[in-house]
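Asker: Here it is, the structure in full.
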Amino acid sequence: MDEAVVWLTIFVLSVFVGIEVISKVSSTLHTPLMSGANAIHGIILLGAVLVTGTTDNDVALVVGLVAIVLAAVNMVGGFVVTDRMLQMFTRRKPKPAKSAASDGGAA
Amino acid sequence: MPTWVQLVYLACAVCFILALKGLSGPKTARTGNLVGAAAAVVAVIVPFVYLDLDHVPLMVAAIAVGTAGGVIGARKVQMTQMPQMVALFNGVGGGAAALVALLELHEMAPHSDDVSWFTLAATAFTILVGSISFAGSIITFAKLQELMTSRPVIFPGLPIVFGAAVVAAVVLGVLTVTGPTVTIGVVLGLLGLLIGVLLVLPVGGADVPIVISLLNAFTGLTVAAGGYVLSNIVLLVAGTLVGASGTYLTMLMARAMGRSVTNILFGALKGGSTLGAGVASDRPVRSAGPEDIAILLGYADRVIIVPGYGLAVAQAQHTLRELVDVLIARGTKVDYAIHPVAGRMPGHMNVLLAEAQVPYEQLVEMDEINGEFKHTDVVLVVGANDVVNPAAKTTPGAPIYGMPILNADEAEQIVFMKRSMRPGFAGIENELLFDPKTTLLFGDAKDSLGKLLNAVKAL
């Protein structure tokens with residue numbers, strides 16, 4: 001099989017998987033889901049490392065380092081902010097006994 | 001590439017699928033996010049292990065800088081400003097993808113005869129769409145942060161400039177395939193920036209979240225194309241997953257607002273919207289003081305709270321929760337009616353109220369609560385406007401026409417807590433404010449809620 005066709009196959013199957021796995025999401029989780037997906041595409045950091053680590057051109061090195069910084073912001077910031085959002089959803093599971101003490105922190 | 005590396009990459013790709021699956025269920029969401037984060041970290045470490053990379057100290061430093069920036073941004077941001085933070089993170093990701101593709105083009109250009117046309121096309125796609133996503137996200141950030149007007153920005157000839165830029169981008173894309181040079185790539189990137197700006201400028205404030213989601217999907221596809229160019233399976237799978245789920249999520253969000261994606265992007269260009277001027281109306285309304293409202297609420301059997309973005313801006317969620325607790329203690333049945341797009345993004349209000357530790361059972365979704373308004377004594381609308389605007393049902397041509405709304409107008413009494421008579425984010429007047437059943441309580445939400453709380457306690 002032609003290598004390009006292999007890649008195309010992976011691409012097409014991933015499209016279906018991508019739609020299928022989130023098809024039952026409730027509107028409550030739309031924002032965290034978007035944010036989490038946003039963090040996942042921060043994996044472009046891997047691509048930035050691959051091209052920057054193999055270049056011998058000074059300009060390319062600088063551009064590559066900029067790409068690494070941007071991608072790291074996307075990836076790390078994305079996962080951290082998603083976790084912060086989701087923390088608030090899960091915190092009420094054990095249903096804290098509405099203590100006045102715990103209110104102060106969030107305000 | 002060693003077999004173990006390929007297997008690790010396969011495991012990472014599977015983890016991203018599990019992460020998305022986890023994120024779409026309330027019980028598994030947090031674990032899902034952590035699984036995704038772990039896979040991302042592993043995938044980034046792998047090339048440092050198996051490749052003999054140059055510039056390792058510099059790259060590690062760059063990762064450290066980006067990580068610090070991301071963590072600080074993510075931790076410091078107020079929950080009310082979270083949508084623009086997501087937009088910003090998305091934008092820098094798109095920008096990074098475009099830069100990576102430019103660097104690949106720089107590598108490939110000298111020996112482009114050995115490179116397949118499809119690889120060159122994917123490179124051009126990554127440069128163009130990554131730049132669109134970057135510039136578009138920056139504009140959405142500026143709109144949400146109110147660094148610029150949140151109203152649609154249109155100038156004469158915008159469709160022509162936009163069309164010309166798209167045609168030029170396609171031509172440059174073809175040139176990238178036939179005779180690639182870095183210069184063409186740079187111009188293509190600049191065109192992408194222009195297209196991104198022109199794409200988002202005409203979008204009205206209320207629709208911006210949907211555009212963020214769309215640009216998120218764009219960045220996903222960009223990363224997927226970058227994965228093909230670099231022959232990296234993790235980038236391809238992760239990017240495609242985000243591109244596909246992001247596109248689907250965009251359609252789900254648009255449906256929740258009763259809009260179509262084309263209408264959101266190009267509606268303002270067609271001149272189809274009847275956006276108001278955004279000025280305060282001087283028509284007569286009935287307003288009252290906190291003591292009067294306290295009596296209304298204190299002796300009601302059934303109260304529904306409609307919280308909106310204004311509540312969160314005033315940081316009044318905690319005071320509101322105290323008020324509700326007092327009312328419940330007095331024997332009133334109180335629920336919060338949560339519109340799917342209350343706040344700035346779908347699900348945003350749930351996050352904001354959860355932050356104030358409002359019990360989950362008191363948050364009722366629109367479909368469940370809409371039948372109850374007609375048996376409700378008082379609806380208290382705090383900092384919301386568009387989500388109870390009957391124009392969505394009655395005024396074809398209004399920007400929010402067709403959006404499902406909370407039937408607050410069916411209740412016996414409606415109390416609006418507002419700072420001023422300025423219209424909501426969609427920029428249109430709300431007829432409900434002038435309804436004889438409606439009373440307005442002017443002032444800052446936190447301030448007014450505090451006074452209301454004291455007045456109810458004093459009853």
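The values are calculated or read from the model by the stated rules, or taken from the named source; none is laboratory data. Note that the structure is predicted; figures quoted are calculated from it, not measured. FYI the Cβ positions are ideal-geometry reconstructions off the backbone, even for glycines, and counts take in every protein chain you see.
Asker: State all residues of segment B:39-55 that are within 36 Å of the chain's Cα centre (by Cα) and under 19 Å from A:LEU65 (Cα atoms); if no residue qualifies, say none. Please lay out each step first, then the result.
Answerer: Of segment B:39-55, the ones within 36 Å of the chain's Cα centre (by Cα) are B:39-48.
Correct list: B:ALA40, B:VAL41, B:ALA43, B:VAL44, B:ILE45, B:VAL46, B:PRO47, B:PHE48.
Asker: Which residues, counting only those in segment B:116-137, are under 16 Å from B:GLY185 (Cα atoms) and among the aliphatic types (A, V, I, L, M)?
Answerer: B:LEU120, B:ALA121, B:ALA122, B:ALA124, B:ILE127, B:LEU128, B:VAL129, B:ILE132
Asker: I'm trying to understand the selection: among the residues of segment B:94-153, which are more than 14 Å from chain A (Cβ to nearest Cβ), of a type in the set (D, E, K, R) and surrounded by 20 or more Cβ atoms within 10 Å (Cβ to Cβ)?
Answerer: Scanning segment B:94-153 gives a single hit, B:LYS143.
Asker: Give the residue, chosen from B:SER112, B:SER24, that is over 28 Å from B:GLY196 (Cα atoms), under 30 Å from the mean Cα position of the chain (by Cα) and among the small types (Gly, Ala, Ser). Walk me through it before giving the result.
Answerer: On the way: B:SER112 fails: under 30 Å from the mean Cα position of the chain (by Cα).
None of the other options fit; the residue is B:SER24.
Asker: Here is a check on your reading of the model: is B:THR262 assigned to a helix (DSSP H, G or I), more than 27 Å from A:ALA71 (Cβ to Cβ), more than 7 Å from every other protein chain (Cβ to nearest Cβ) and at pLDDT below 85?
Answerer: Yes: the conditions hold for B:THR262.
Asker: Still on this model: If a residue has to be more than 16 Å from B:LEU320 (Cβ to Cβ) and of a type outside the set (S, T, N, Q) to count, how many in segment B:362-386 make the cut?
Answerer: Qualifying residue count for the region: 12.
Asker: Looking for whichever is part of a helix (DSSP H, G or I), more than 7 Å from chain B (Cβ to nearest Cβ) and surrounded by fewer than 24 Cβ atoms within 10 Å (Cβ to Cβ) here; the options are A:LEU13, A:LEU65, A:LEU61. Which one fits? Before the answer, list the steps.
Answerer: Working: A:LEU65 fails: more than 7 Å from chain B (Cβ to nearest Cβ); A:LEU61 fails: more than 7 Å from chain B (Cβ to nearest Cβ).
Among A:LEU13, A:LEU65, A:LEU61, only A:LEU13 is part of a helix (DSSP H, G or I), more than 7 Å from chain B (Cβ to nearest Cβ) and surrounded by fewer than 24 Cβ atoms within 10 Å (Cβ to Cβ).
Asker: Still on this structure, I have one more. Do we have any residue at all in segment B:157-175 that's surrounded by 15 or more Cβ atoms within 10 Å (Cβ to Cβ) and in contact with a Ser or Thr (Cβ under 6 Å, 6 or more places away or on another chain)?
Answerer: Checking segment B:157-175: not a single residue is surrounded by 15 or more Cβ atoms within 10 Å (Cβ to Cβ) and in contact with a Ser or Thr (Cβ under 6 Å, 6 or more places away or on another chain).
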